[in-house]
Amino acid sequence: MADTKPQGFVFPTNTTSSKKRAEHDDMDNDDYAVAKKSMLLSSAAAAAWEDPAAAFASARHEFGEHGGVNMSIEASATFTVMEPETLRKMFSGELGADRDFFIYSRHFNPTVLNLSRQMAALEGTEAAYCTSSGMSAISSVLLQLVSSGDHIVASRTLYGGTHALLTHFFPRACNITTTFVDIHDMDMVRNAIEVGKTKVLYFEGMSNPTLEVANIPELSRIGHEKGVTVVVDNTFSPMVLSPVKLGADVVVHSISKFISGGADIIAGVVCGPASLVNSMMDLHQGSLMLLGPTMNAKVAFELAERIPHLGLRMKEHCNRAMVYATRMKKMGLKVIYPGLEDHPQHELLKSTANKDYGFGGLLCLDMGTEEKANRLMNLLQNCTQFGFMAVSLGYYETLMSCSGSSTSSEMNAEEKALAGISPGLVRMSIGYIGTLEQRWSQFEKAISRMQDSGLLNKK
């Protein structure tokens with residue numbers, strides 16, 4: 001990462017809205033000011049928190065231009081100024097978004113900035129900024145932290161797109177290499193980090209698709225001892241895990257998944273120190289500014305309206321996943337779910353997870369072979385209507401995919417074996433539409449059909 005002063009912006013961690021109403025109705029000025037101050041706490045003020053929902057509720061609330069309870073959408077690509085000298089001051093960094101001065105929406109946009117404040121509050125970080133996709137968030141933050149000739153240590157169990165980025169694209173295009181490790185083997189992690197060359201330790205809080213749970217406190221301790229930045233992908237476990245609270249430096253999300261919840265938006269976010277976000281927006285060397293993975297302001301508005309009920313949705317995703325996993329196990333199926341006591345990291349997750357959010361909204365069934373996995377998914381979708389065969393996760397309907405031939409297909413056979421991805425592994429993102437018992441009866445019917453055909457793969 002270039003050691004240069006960010007040009008044109010200082011992240012506004014302690015600002016209040018500049019959009020003030022002219023009339024305060026039945027409240028006098030002093031009362032209104034107190035109320036306003038309590039409603040507009042910054043993400044930095046919310047950083048010392050116990051619960052992500054409480055932190056979000058305490059964060060700054062952006063009102064609409066005319067006093068609306070929802071923020072306005074700033075759809076402009078460019079922004080005007082009243083005096084010519086202002087442009088020079090903005091480009092030199094003297095004036096920025098912390099004082100409501102904006103240049104161009106690839107740099108910063110007020111609506112996207114507000115969503116970013118919400119995400120910073122949710123993850124307990126000093127700052128955040130949202131991007132056009134999860135992969136753009138991952139690639140941008142890594143390219144900001146790592147330069148040509150540098151090295152990354154990463155978990156060998158990652159989303160297939162991330163694995164391909166680190167395995168193929170970075171070495172070819174950027175001269176950046178990666179060593180993949182078993183993140184549960186702390187000696188292996190420690191030995192893989194080359195002091196002075198390794199810049200980032202990267203892993204997923206809950207791994208895709210095998211649902212392994214990272215020991216974030218211990219991995220962060222090792223990373224910091226070695227002088228590297230710890231980056232955690234928290235896409236599978238928003239609300240459940242808070243990586244920065246556990247010691248990590250940076251959190252990335254594919255907002256497209258649980259946070260969006262509608263399977264209709266592609267988006268991502270980088271959450272971390274203000275200094276990092278500032279550097280990523282540097283006019284000369286910032287990866288977000290220069291590569292331009294810009295989020296549309298209308299998309300940011302849509303997402304900002306969904307985050308307030310993320311906690312409620314996650315609780316129901318997790319509740320149903322726990323009930324189904326327990327019942328599947330009793331049926332003799334080979335089920336992987338961190339909420340089950342026989343999961344290798346069950347106790348770890350109990351000790352690191354935020355209270356009352358459960359153990360995650362995904363589970364896996366290992367059917368042994370791809371043929372059996374496909375047969376089960378076909379029955380669940382086309383015969384009993386339990387869910388849909390589709391990639392992605394966090395939707396209100398249950399989504400199912402055979403990971404080895406879909407979202408992890410970028411990995412070769414050896415890489416899949418090392419990651420614990422069997423040919424018959426079915427990843428299920430458990431939805432919440434319909435009643436729990438209604439959906440469970442649909443699952444039972446599909447299993448009965450599998451038994452009748454003699455294809456059921458039990459432990």
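The values are calculated or read from the model by the stated rules, or taken from the named source; none is laboratory data. Computed from a prediction, not measured in an experiment: that's the story for all the values here. Don't worry about glycine lacking a Cβ; one is built from the backbone with ideal geometry, like all the others, and counts go over all protein chains shown. Accessible surface areas use protein heavy atoms only, side chains included; no ligands, DNA or RNA. Shrake-Rupley method; radii C 1.70, N 1.55, O 1.52, S 1.80 Å.
Go through (1) modelled with pLDDT under 95; (2) among the hydroxyl-bearing types (Ser, Thr, Tyr); (3) open to solvent by 10 Å² or more (accessible area, probe 1.4 Å) one by one and return the number of the condition Thr157 breaks.
Result: Thr157 fails condition (3) only.
When Thr198 is evaluated against the numbered criteria (1) open to solvent by 10 Å² or more (accessible area, probe 1.4 Å); (2) of a type outside the set (Lys, Arg); (3) without any contact (Cβ under 8 Å) to a residue 60 or more places away in the chain; (4) closer than 18 Å to Asp249 by Cβ, which criterion, by number, is the only one it fails?
In the conditions (1) open to solvent by 10 Å² or more (accessible area, probe 1.4 Å); (2) of a type outside the set (Lys, Arg); (3) without any contact (Cβ under 8 Å) to a residue 60 or more places away in the chain; (4) closer than 18 Å to Asp249 by Cβ, Thr198 misses (1) alone.
Could you list, ordered by first residue, the pairs with Cβ atoms under 6 Å in which the first is in segment 219-237 and in contact (Cβ under 8 Å) with a residue 40 or more places away in the chain and in the same structural domain as Ile152 (by the TED database) and the second is aromatic (Phe, Trp, Tyr) and surrounded by 20 or more Cβ atoms within 10 Å (Cβ to Cβ), at least 6 apart or interchain?
Val231/Tyr202
Which residue, of Gln381, Gln345, Gln385, is touching a helix residue (DSSP H, G or I) at 6+ places or on another chain (Cβ under 8 Å) and of a type in the set (S, T, N, Q)?
The unique qualifying residue is Gln385.
Can you confirm whether segment 243-250 contains a residue that is more than 15 Å from the chain's Cα centre (by Cα) and crowded, with 24+ Cβ neighbours inside 10 Å?
Within segment 243-250 (the criterion being more than 15 Å from the chain's Cα centre (by Cα) and crowded, with 24+ Cβ neighbours inside 10 Å), the answer is no, since none of the residues qualifies.
Output the residue which, of all residues in segment 206-222 that are modelled with pLDDT under 95 and of a type outside the set (Ser, Thr, Tyr), is farthest from the chain's Cα centre (by Cα).
Pro209
Identify all residues within segment 298-345 that are part of a helix (DSSP H, G or I) and aromatic (Phe, Trp, Tyr); write none if there are none.
Scanning segment 298-345 gives Phe301, Tyr324.
Just to check your reading of the model, which residue among Met206, Met135 is in contact with a Gly (Cβ under 7 Å, 6 or more places away or on another chain), open to solvent by 40 Å² or more (accessible area, probe 1.4 Å) and over 28 Å from Arg60 (Cβ atoms)?
Just one listed residue meets the conditions, Met135.
Would you call Phe359 within 20 Å of Met331 (Cβ to Cβ) and within 22 Å of the chain's Cα centre (by Cα)?
Yes; evaluated as a whole, the condition is true for this residue.
Can you pull out every residue in segment 160-183 that is open to solvent by less than 10 Å² (accessible area, probe 1.4 Å) and more than 15 Å from Gly420 (Cβ to Cβ)?
Selection gives Thr162, Leu166, Phe170, Ile176.
Can you tell me which of (1) open to solvent by less than 50 Å² (accessible area, probe 1.4 Å); (2) assigned by the TED database to the domain that holds Asp282; (3) at pLDDT 90 or above is the one Arg60 doesn't meet?
(3)
How many residues does segment 140-172 contain that are in a helix (DSSP H, G or I) and under 25 Å from Pro209 (Cβ atoms)?
Number of matching residues: 15.
Within segment 365-400, how many residues are of a type in the set (Val, Ile, Thr), touching a residue at least 60 places away in the same chain (Cβ under 8 Å) and surrounded by 17 or more Cβ atoms within 10 Å (Cβ to Cβ)?
Residues in segment 365-400 being of a type in the set (Val, Ile, Thr), touching a residue at least 60 places away in the same chain (Cβ under 8 Å) and surrounded by 17 or more Cβ atoms within 10 Å (Cβ to Cβ): 1 in total.
So in segment 120-138, with the set limited to residues that are in contact with a Ser or Thr (Cβ under 8 Å, 6 or more places away or on another chain) and part of a helix (DSSP H, G or I), which one is nearest to Gly268 (Cα to Cα)?
Going through the qualifying residues, I end up with Gly134.
Could you list, in sequence order, all residues of segment 446-459 that are surrounded by fewer than 16 Cβ atoms within 10 Å (Cβ to Cβ) and modelled with pLDDT of 95 or more?
Scanning segment 446-459 gives a single hit, Ser448.
Enumerate the pairs (first residue in segment 313-325 and in contact (Cβ under 8 Å) with a residue 24 or more places away in the chain; second residue anywhere and in a helix (DSSP H, G or I)) with beta-carbon separation below 6 Å, excluding pairs fewer than 6 apart on the same chain, so at least 6 apart or on different chains.
Arg320/Leu436
What is the residue count in segment 342-356 for residues that are over 17 Å from the mean Cα position of the chain (by Cα) and either within 28 Å of Gly387 (Cα to Cα) or without any contact (Cβ under 8 Å) to a residue 60 or more places away in the chain (or both)?
10
Kindly establish whether Leu143 is open to solvent by less than 20 Å² (accessible area, probe 1.4 Å) and outside the structural domain of Cys402 (by the TED database).
no
Which of the residues that make up segment 280-296 are within 16 Å of Leu142 (Cβ to Cβ), open to solvent by 10 Å² or more (accessible area, probe 1.4 Å) and not in a helix (DSSP H, G or I)?
Of everything in segment 280-296, those that are within 16 Å of Leu142 (Cβ to Cβ), open to solvent by 10 Å² or more (accessible area, probe 1.4 Å) and not in a helix (DSSP H, G or I) turn out to be Gln285, Pro293.
Identify, please: which residue in segment 256-279 is open to solvent by 30 Å² or more (accessible area, probe 1.4 Å) and hydrophobic (A, V, I, L, M, F, W, C) and is, among those, nearest to Arg106 (Cα to Cα)?
Selected residue: Ile266.
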